[in-house]
Amino acid sequence: MASKMKKSVYLETSFISYLTSRPSRDVVVAGHQVITRDWWEKRRSHFELFVSEVVEDEAGQGDLEAAAARLAVLEDIQLLNVSDEVVSFAESLVSSQIVPAKAATDALHIGLACVNGINYLLTWNCAHIANAQSFEAIKSHSEDHGYIAPIICTAEELLGEYAYDVERPHR
């Protein structure tokens, strides 16, 4: 019996940040952090994971201790390179105003996933990446350029059967 190939996941920088950061006082962010850690513990082994040079660069910025924690997570994850094809596609996302110019790095993340045929782009960046209003445009633009857009989602959406698998207090 043939084994099933694992689906691929591109981990965008916000996912890595939520995974490694100190618990937030903001209840929404804290919830996202818990979900991120649950996904990491329960689901990551079900997928083939990828990051990019862009993720490495972003993860290495800021507080030295926090950056070291983020970079440590990336050590064993496969690295995608930013090719001319990726840059060209990302630039086309910006020039077509699907991704705003101020978020050109976000277009690179999308481009990396599209050009490399990644199944899922996992992010907490809901402003420019995991945005239901722009997904149709990203999907259509990808197809127009000969790519299949990844499913762009948050860790909560990719938890699958573990989405609500939490211990609740007994009543």
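The set of residues from segment 133-151 being at pLDDT 95 or above, among the polar types (S, T, N, Q) and more than 9 Å from Cys114 (Cβ to Cβ) comprises just one member, Ser140. Checking every residue in segment 110-131 against the condition of being of a type in the set (Ser, Thr, Tyr) and within 17 Å of the chain's Cα centre (by Cα) gives at least one match. Figure legend. Inter-residue proximity from segment 83-111: first residues among the β-branched types (Val, Ile, Thr), second residues assigned to a loop (DSSP other than H, G, I, E, B), beta-carbon distance below 6 Å, spacing 6+ or different chains. Indicated pairs: Val99/His128. With respect to the conditions (1) touching a residue at least 24 places away in the same chain (Cβ under 8 Å); (2) surrounded by fewer than 15 Cβ atoms within 10 Å (Cβ to Cβ); (3) more than 23 Å from Glu48 (Cα to Cα), Asp63 lacks only one, and its number is (1). For segment 1-58, residues that are within 17 Å of Arg70 (Cβ to Cβ), of a type in the set (D, E, K, R) and in contact (Cβ under 8 Å) with a residue 60 or more places away in the chain total 1. Counting the residues of segment 66-95 that are surrounded by 14 or more Cβ atoms within 10 Å (Cβ to Cβ) and hydroxyl-bearing (Ser, Thr, Tyr) gives 1.
The values are calculated or read from the model by the stated rules, or taken from the named source; none is laboratory data. Here the structure is a predicted model, which means the values were calculated and not measured. Please note: Cβ atoms are built from the backbone with ideal geometry, for glycine as well, and neighbour counts cover all protein chains shown.
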